[in-house]
């Protein structure tokens, strides 16, 4: 179930990414500002997969 939610969120992010990027580019922020959300998304996916693997190992 969690995998479906994560997949849905990732696909939804791809749909809204152009809007977010245009919002970010209108503000004067540093060069890495656009990549922060990608780092968060990758980190959340990694942590959720790690949690799933740990729970399967305990069963």
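Descriptive notes on the structure:
- Compared with the alpha-carbon gap, the fully stretched path from residue 40 to residue 15 is longer by 7.3 nm at 0.36 nm per residue.
- In this simple spin-label approximation, residue 58 and residue 8 carry label points 7 Å from Cα along the Cα→Cβ vector, and these lie 2.5 nm apart.
Readers should treat all values here as calculations from the given coordinates under stated rules, not as data from a laboratory. Since the model is a prediction, treat every value here as computed from it, not as a measurement. For neighbour counting, all protein chains shown are included, and Cβ atoms are generated from backbone atoms with ideal geometry for every residue, glycine included.
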